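As structure tokens, the structure follows; a few thoughts come after it.
Nothing in this text is a laboratory measurement; each read-out follows from the coordinates by a stated rule. As the structure is a prediction and not an experimental result, all values here were calculated from the model. Cβ atoms come from the backbone with ideal geometry, glycine included; neighbour counts cover every protein chain shown.
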Amino acid sequence: MVEIRIAGIQVLKEGTKEKNLQKVSRLAQEAARKEVDLICLPEKWNIKNGDPFKDSEDENGPSIRCLERIASENGVYVVGGSIWEKRGNKYYNTSRLFDRKGNCIGLHSKIHLYKFEKNFFTPGDRLEPCKTEFGSVGMTVCFDLAFPEVPRILTLKGADIIVNPAFVPSSGIENWHIYLKARALENRVPIVAVNAVSNERGDLWTGRSLIIGFKEGYESPSKLEITEASSNE
């Protein structure tokens, strides 16, 4: 895998979808000016609270169109966090990867649904890395990383980097960080994990996103190099 520049957009969510789309578009432009190659968003970045049946979109919905524009107008790869999607008569929590021209080149629907998600969503059933100009990207969503088999399968299939858009409340941050570090060490791959900042359902989401790489100068990737975002946007 070649050296790349990565930006995680740890967005402070607004009250409406329209405002969230506008904010993320603006933040992506700011990131692109720093000549990044890949932008990653959090899980469920486009809505605050929300109802999966009412707020899910099809592939022509405004959130996917927004992600296509972000990628094509800024010439960057975009991991579109995750959004609630409706395909046929089923609902999914899905992350999409867009290339520099805004084409969707891969998607991953969350496999390990968490708590209330099981009442609404159909779990994904595929784990396939997506090839890019800088290597293969293994896509996961939040709770998927709690299960070591997920990144193991992705790396065995050739993933050079793992992305983990997440929506983890403050009470779960420490465990999430443990999972991320463990998966990086187990599989010897960098991990990009991006969390949102929000106040929903009586709980706080405080970001603290991580980009985990490995320090140079070792015979094998063994010494973690971690960049952590603050508890703010």
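Given (1) 1.05; (2) 1.90; (3) 0.93 as candidate values of Cα Rg over 2.2 N^0.38 Å, which corresponds to the one derived from the coordinates?
Working out Cα Rg over 2.2 N^0.38 Å from the coordinates points to (3).
Taking the dipole about the Cα centre of the stretch 6-228, with the C-beta of Lys and Arg at +1 and of Asp and Glu at -1, give me whichever of Leu21, Ile178, Ile105 is farthest to the positive side.
Sorting the options by dipole projection puts first Leu21.
Restrict the search to the stretch 65-172; then list the trypsin sites (Lys or Arg not before Pro) that DSSP places in a loop and that have at most 13 other Cβ atoms within 10 Å of their Cβ.
Here the trypsin sites (Lys or Arg not before Pro) that fit, given the DSSP loop and packing criteria, are Lys101, Arg126, Lys157.
Considering the options Asn89, Val36, Thr227, tell which one lies farthest towards the positive end of the dipole of the stretch 6-228, charges being +1 on Lys and Arg and -1 on Asp and Glu at the Cβ, about the Cα centre.
Result: Asn89, furthest along the dipole toward the positive end.
Kindly put Leu154, Leu38 in sequence by how many other C-beta atoms sit within 10 Å of each C-beta, fewest to most.
Ascending number of Cβ neighbours within 10 Å: Leu38, Leu154.
Under 8 Å for C-alpha pairs, at least 6 residues apart: give me the relative contact order for the chain, rounded to a whole percent.
Once divided by the residue count of the chain, the mean separation gives 17 percent.
Among the trypsin sites (Lys or Arg not before Pro) in the stretch 2-41, which ones are in a DSSP loop with at most 16 other Cβ atoms within 10 Å of the Cβ? Mind listing them?
Arg5, Arg33, Lys34
Classify the stretch 64-200 as rounded, prolate or oblate, taking a ≥ b ≥ c as the square roots of the eigenvalues of its Cα gyration tensor: rounded when a/c is under 1.5, otherwise prolate if a/b is larger than b/c and oblate if not.
Since a/c stays below 1.5, the shape of the stretch 64-200 is classed as rounded.
By how many nm would the segment from Ala182 to Leu204 grow when fully extended, if each residue of separation counts as 0.36 nm and the alpha-carbon distance is taken off?
Using 0.36 nm per residue and subtracting the Cα-Cα distance, I get 5.4 nm.
Only loop residues by DSSP count here, and only those with at most 13 other Cβ atoms within 10 Å; note down the GluC sites (Glu not before Pro) in the stretch 91-184 that meet that.
When the GluC sites (Glu not before Pro) of the stretch 91-184 are filtered for loop state and at most 13 Cβ neighbours within 10 Å, Glu133 remain.
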